[in-house]
Amino acid sequence: MNLSHVVAGAAANNWLMRRFVLILFICTISTLVHAQVITSPDKNFTLKFELLENGVPAYELTYKKKPVIRQSRLGLETKDVPSFLTGFTVADTKQATVNDSWEPIMGEQKTIRNHYNELLVTLKQPEQKDRFIQIRFRLFNDGLGFRYEFPKQPELKYFIIKEEQTEFNLTGDHKIFWIPGDYDTNEYAYTTSKISEIPSLMQKATIDVHAQFPIKTLAVQTPSMMKSSDGLYINIHEAALINYPAMQLNLDPKTYRLSAHLTPDAVGNKGYLQTDAHTPWRTIIVSDKATDILASRLILNLNEPTAYKDVSWIKPVKYIGVWWEYFVAGKSTWAYGKETNVKLSDDFTKLTPNGTHGANNANVKKHIDFAAEHGFDAVLVEGWNIGWEDWFGNWKENVFDFVTPYPDFNVKELNAYAASKGVKIMMHHETSASATNYERRLPEAFQFMKDNGYNAVKTGYVGKPIPRGEHHDGQWMVNHYIHVAETAADYKIMVNSHEAVRPTGVHRTYPNWIAQESARGTEFEAMGGLAPDHTTILPFTRLMGGPMDYTPGIFQTDLSYYGTGNQRVNTTLVKQLAYYVTMYSPLQMAADLPENYTRFPDAFQFIKDVALDWDDTYVQEAEPGDYVTIARKAKGKNEWYVGGVTDENARTATVRFDYLPKGKSYIATIYADAKDASWNKNPQKYTIRKVLVNSKSVLKQPLAPGGGVAVSIKEGNKQDTKGLKKL
């Protein structure tokens, strides 16, 4: 053996080993540079951000060491400038911790804690003249929020979004509560299935809804509520939707990949941004307890505080209305005349009265009297203004003027009458989705309200939007709804929008936008009915974004009572009471006809008593699609209210009272389903009993199929408590 060869070979091996170690070291350093990890304040969540091959940004999320979101790509595809998808390097990272609290003007809690750890990643694209974007992550104890930010810079001024490519790669075939993806309506019934089953169920789920525009590819709407096989509850939505289209979710049923699907505009673009700009937050709320999902305030925390200097005029409202009579057995009509082709320039005094116009002086005064007698704040009156004869389905632009009443509705007389009784009339602005017409007339419409004593308006957007080709959930309409809220604030008017884009917590920023419908509400009980599990799903879906004007309180649930058909409201009477607690809103309607409340005055008492604004909320038990039980403390009072609802199955609700001050007894009035009650048999049978409770008491209350329980808890003196038994 040649010794020189051995020495040379050993040297070469050493050189290769050093080279390998150097390469490994460089790779490790590269990984450290591009991978960032933060945890939630309680350490239960871990977020990992990194750059993949070709400089593609990606993230992962785990909860209590269980994977929630597998490695998922981030980025935006643009049309007029190079996309924000690849070629990134990490230019900078910053971390911060915030732990403070704030008080909502109205809400489910008096004080909301805002505690998160933040990671801000600055990404450069060297091939695009060092153009840069930022991705901001906020990791709370209840989940993750992240958004894209586009600072002002020489190489980035204006751009058009072709699609957002945010992914949510799930870990398995989760149970999901979903409605079909649609650019124009969220008024679908919920379907419960596995993710993999959605393709076979989509056609059945896409029921006929007016002005719908189903997404052609496989997609579902947010908030998307899921449950994994290993017991994790996962909710995906968005927060602070401003100047951007609403996000729906593309779905791959084989890989369980969800990805952003933005609502397009009339020419197919998804959004138009000018730096300085940012997207809404993408939110992922996770827990191994369903109750924690309902208790989350993450979406609210990600919205900006209001800039309104005076909010004293924004108050909770409990109201009745000239409304339900339009849905039951043709009792009344919105329209005044029999004609079906009218223009705003017509002389409506010359129309042929149809004899069924609901918004007439006598009927409105009857409702004002009822509201005054029973302590309601307002009376909603729909159909008061000219234009209803041909408002529906004609894609008509100049459909309403919002200031001209029908001949049988005296604006000044009725508002003076209401004021003399301590009641407000609530304005109604149905737009027929003609947003251009509404915007032109907004100043005059709101000044008319101010001049005549109105302080709240219900807006409606039934129909295909104008500008023609735009969608209810597109960027143009999103900005329209906010414009309405901001303009209303100038006149100190509160807004309750129907058929608008679903909420994303923006009522923190625009607190006069006090409620929305934006889901399948009570009116659909008269149009085919709602499944008994519907309102056990809504708190986990629609209500995650904000208060809902669900319009509960229907006591006459069998609608054949009015003389035609066999339609029914698929709940017990007591379940209707429970909604005032389980379906949060500072705006609550007693939606039934006044005469039905006079038939059940003892049950009606709960609606009269229940609070609208809360010091605290206690989610006691919940399972999406099955049951929800919630207790709340009235703001500024030693009063508590409990609501519990179930699906089509009978079950026993467990109501605890451990939130009561210790060492003191209170009077609990329990409104319960009768033993033989159910949603389809004896729905109006109920019991009411009073007992004494304290912080150690526990109520095991049977719920009827499609039923519920409602409890009011108040202080009482010796005379009030005399003879009452302890629970």
Residue under evaluation Gly330, criteria (1) at positive phi; (2) at pLDDT 95 or above; (3) open to solvent by 50 Å² or more (accessible area, probe 1.4 Å), criterion not met = (2)
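Being part of a strand (DSSP E or B), open to solvent by 10 Å² or more (accessible area, probe 1.4 Å), more than 16 Å from Gln165 (Cα to Cα) and not hydroxyl-bearing (Ser, Thr, Tyr) narrows it down to one residue among Lys318, Lys343; which is it?
Working: Lys343 fails: part of a strand (DSSP E or B).
Only one candidate passes the filter, namely Lys318.
Quick one: which residue in Asp92, Asp80 is farther than 24 Å from Tyr256 by Cα, at pLDDT below 95 and in contact with a strand residue (DSSP E or B) (Cβ under 9 Å, 6 or more places away or on another chain)?
Numbers: Asp92 fails: at pLDDT below 95.
The unique qualifying residue is Asp80.
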request  = Considering only residues that are assigned to a loop (DSSP other than H, G, I, E, B) and free of Cβ contacts under 8 Å to residues at least 60 places away in the same chain, look in segment 522-534 and name the one that is nearest to Glu623 (Cα to Cα).
outcome  = Gly529
task = Only residues that are part of a loop (DSSP other than H, G, I, E, B) and aliphatic (A, V, I, L, M): list them for segment 184-212, please.
result = Ala189, Ile207, Val209, Ala211
query = Name the residues in segment 590-604 that are out of contact with any strand residue (DSSP E or B) (no Cβ under 8 Å at 6 or more places or on another chain) and either under 18 Å from Val711 (Cβ atoms) or surrounded by fewer than 16 Cβ atoms within 10 Å (Cβ to Cβ) (or both), would you?
reply = Glu595, Thr598, Arg599, Phe600, Pro601, Phe604
Members of segment 248-288 that are on the phi > 0 side of the Ramachandran plot and in contact with a Gly (Cβ under 8 Å, 6 or more places away or on another chain) = Tyr256
task = Look at Gln620 and say whether it is over 30 Å from Lys110 (Cβ atoms) and not in a loop (DSSP other than H, G, I, E, B).
result = no
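In this structure, does Asp658 turn out to be among the charged types (D, E, K, R), within 24 Å of the chain's Cα centre (by Cα), surrounded by fewer than 22 Cβ atoms within 10 Å (Cβ to Cβ) and outside any helix (DSSP H, G or I)?
Details: among the charged types (D, E, K, R): yes; within 24 Å of the chain's Cα centre (by Cα): no; surrounded by fewer than 22 Cβ atoms within 10 Å (Cβ to Cβ): yes; outside any helix (DSSP H, G or I): yes.
So Asp658 does not fit the description; no.
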message = So for segment 88-95 (the condition being outside any loop (DSSP other than H, G, I, E, B) and under 26 Å from the mean Cα position of the chain (by Cα)), does at least one residue qualify?
response = no
task = State the number of residues belonging to segment 666-693 that are open to solvent by 50 Å² or more (accessible area, probe 1.4 Å), out of contact with any helix residue (DSSP H, G or I) (no Cβ under 7 Å at 6 or more places or on another chain) and either not in a strand (DSSP E or B) or not charged (D, E, K, R) (or both).
result = 8
query = Quick one: how many residues across segment 636-655 are assigned to a loop (DSSP other than H, G, I, E, B) and surrounded by fewer than 18 Cβ atoms within 10 Å (Cβ to Cβ)?
reply = 6
ask   = In segment 349-379, which residues are outside any loop (DSSP other than H, G, I, E, B), in contact with a helix residue (DSSP H, G or I) (Cβ under 9 Å, 6 or more places away or on another chain) and of a type outside the set (D, E, K, R)?
value = His357, Asn361, Asn363, Val364, His367, Ile368, Phe370, Ala371, Ala372, His374, Ala378, Val379
request  = Might you let me know whether segment 560-578 holds any residue that is out of contact with any Ser or Thr (no Cβ under 8 Å at 6 or more places or on another chain), open to solvent by less than 10 Å² (accessible area, probe 1.4 Å) and either in a loop (DSSP other than H, G, I, E, B) or aromatic (Phe, Trp, Tyr) (or both)?
outcome  = no
query = Of the residues Gly706, Gly723, Gly625, Gly716, which single one is in a loop (DSSP other than H, G, I, E, B), out of contact with any helix residue (DSSP H, G or I) (no Cβ under 6 Å at 6 or more places or on another chain), modelled with pLDDT of 95 or more and not aliphatic (A, V, I, L, M)?
reply = Gly706
query = Taking into account only those residues within segment 521-553 that are under 16 Å from the mean Cα position of the chain (by Cα) and open to solvent by 20 Å² or more (accessible area, probe 1.4 Å), which is nearest to Asn566 (Cα to Cα)?
reply = Leu543
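Select from segment 244-275 the residues that are among the charged types (D, E, K, R), out of contact with any Phe, Trp or Tyr (no Cβ under 7 Å at 6 or more places or on another chain) and outside any strand (DSSP E or B) and list them in ascending order.
At the first step, the residues of segment 244-275 found to be among the charged types (D, E, K, R) are 252, 254, 257, 265, 270.
Adding the requirement that they be out of contact with any Phe, Trp or Tyr (no Cβ under 7 Å at 6 or more places or on another chain) leaves 252, 254, 257, 270.
Of everything in segment 244-275, those that are among the charged types (D, E, K, R), out of contact with any Phe, Trp or Tyr (no Cβ under 7 Å at 6 or more places or on another chain) and outside any strand (DSSP E or B) turn out to be Lys254, Lys270.
Quick check on segment 136-148. Is at least one of its residues part of a loop (DSSP other than H, G, I, E, B) and either in contact with a helix residue (DSSP H, G or I) (Cβ under 7 Å, 6 or more places away or on another chain) or not aromatic (Phe, Trp, Tyr) (or both)? Please lay out each step first, then the result.
Residues of segment 136-148 that are part of a loop (DSSP other than H, G, I, E, B), as a first pass: 141-142.
Those still in the list that are either in contact with a helix residue (DSSP H, G or I) (Cβ under 7 Å, 6 or more places away or on another chain) or not aromatic (Phe, Trp, Tyr) (or both) too: 141-142.
Scanning segment 136-148, I find at least one residue that is part of a loop (DSSP other than H, G, I, E, B) and either in contact with a helix residue (DSSP H, G or I) (Cβ under 7 Å, 6 or more places away or on another chain) or not aromatic (Phe, Trp, Tyr) (or both), so the answer is yes.
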query = All but one of (1) farther than 28 Å from Thr263 by Cβ; (2) crowded, with 17+ Cβ neighbours inside 10 Å hold for Glu103; which doesn't?
reply = (2)
inquiry  = Can you find a residue that is surrounded by fewer than 16 Cβ atoms within 10 Å (Cβ to Cβ) and more than 26 Å from Gly625 (Cβ to Cβ) anywhere in segment 189-212?
reply    = yes
inquiry  = Can you tell me which of (1) within 24 Å of His471 (Cβ to Cβ); (2) open to solvent by 20 Å² or more (accessible area, probe 1.4 Å) is the one Asp230 doesn't meet?
reply    = (1)
ask   = Glu499 is checked against (1) touching a Gly at 6+ places or on another chain (Cβ under 9 Å); (2) under 26 Å from Ile466 (Cα atoms); (3) open to solvent by less than 10 Å² (accessible area, probe 1.4 Å) and fails just one. What number does that condition carry?
value = (3)
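The values are calculated or read from the model by the stated rules, or taken from the named source; none is laboratory data. Keep in mind that what you see is a predicted model, and the values were worked out from it rather than measured. Note that we place each Cβ from the backbone using ideal geometry, even for glycine, and neighbour counts take in every protein chain shown. Protein only, heavy atoms only, side chains kept; ligands, DNA and RNA dropped before computing areas. Shrake-Rupley method; radii C 1.70, N 1.55, O 1.52, S 1.80 Å.
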